[in-house]
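Below you'll find the structure, written out as structure tokens, and then a few comments.
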Amino acid sequence: MPSSLKFFHSRVSQPFNFLRSPALILSFLFIGISGFIFGLTSFLTSSNSYRCFNNSPPRSVRVVWETNNNRNDNSGEKAFVLDGGERKERHKVMGFVGIQTGFESSGRRRSLRNTWMPSDRQGLKRLEESTGLAFRFIIGRTNDKSKMAELRKEIAEYDDFLLVDIEEQYSKLPYKTLAFLKAA
């Protein structure tokens, strides 16, 4: 055991204080003044149509699904669609919910159908008519014939897909999204 206790004291030195540096103070002052000037000019020069306190009615979009390039200029709540040679009534859709999916995600699609969306055609149509929203799984194409055959079976059973003409790859997901937005 040592005979006496030893105390260690750290040296007290004045570290360079970056917050008191004149260059840093001037740069913060410049950023603050330029931000204030930018905000003031954007507020004063903005047009009245983009302000929140505008009293104009909100804009909405109506989408009508048409097949075989048949156009109907109905202004009512229903649109007529030719499907297989017969004339059917179809409600107009106010929104489109696209769920990105892939060929390996059949289990996820099944769980979504069991929880959030109807799993039959009539239920999907009733949901569209009652809410004005169309729900579809967005999927691309592949050169694998077995995957495409499985997809055709699932399409025939549920009829809740939107096929886009993009090869199904993770690296092409932005293109798939753009193709969905164009189709919707």
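The values are calculated or read from the model by the stated rules, or taken from the named source; none is laboratory data. Predicted model, so just to flag it, every value in this text is computed and none were measured. FYI the Cβ positions are ideal-geometry reconstructions off the backbone, even for glycines, and counts take in every protein chain you see. For the accessible areas, the whole protein counts, side chains as well, though only heavy atoms, and no ligand, DNA or RNA atoms are used. Shrake-Rupley method; radii C 1.70, N 1.55, O 1.52, S 1.80 Å.
What the table below lists for this structure:
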{"quantity": "Yes/no for residue 90 being at pLDDT 90 or above and surrounded by 13 or more Cβ atoms within 10 Å (Cβ to Cβ)", "calculated": "no"}
{"quantity": "Segment 126-138, residues that are open to solvent by 30 Å² or more (accessible area, probe 1.4 Å), more than 20 Å from residue 152 (Cα to Cα) and either charged (D, E, K, R) or more than 18 Å from the chain's Cα centre (by Cα) (or both)", "calculated": "126, 127, 129, 130, 131"}
{"quantity": "Residue count for segment 95-117, restricted to those that are open to solvent by less than 70 Å² (accessible area, probe 1.4 Å) and touching a strand residue (DSSP E or B) at 6+ places or on another chain (Cβ under 9 Å)", "calculated": "12"}
{"quantity": "Restricting segment 140-170 to residues that are free of Cβ contacts under 8 Å to residues at least 40 places away in the same chain and touching a Gly at 6+ places or on another chain (Cβ under 7 Å), the residue that is least open to solvent (accessible area, probe 1.4 Å)", "calculated": "164"}
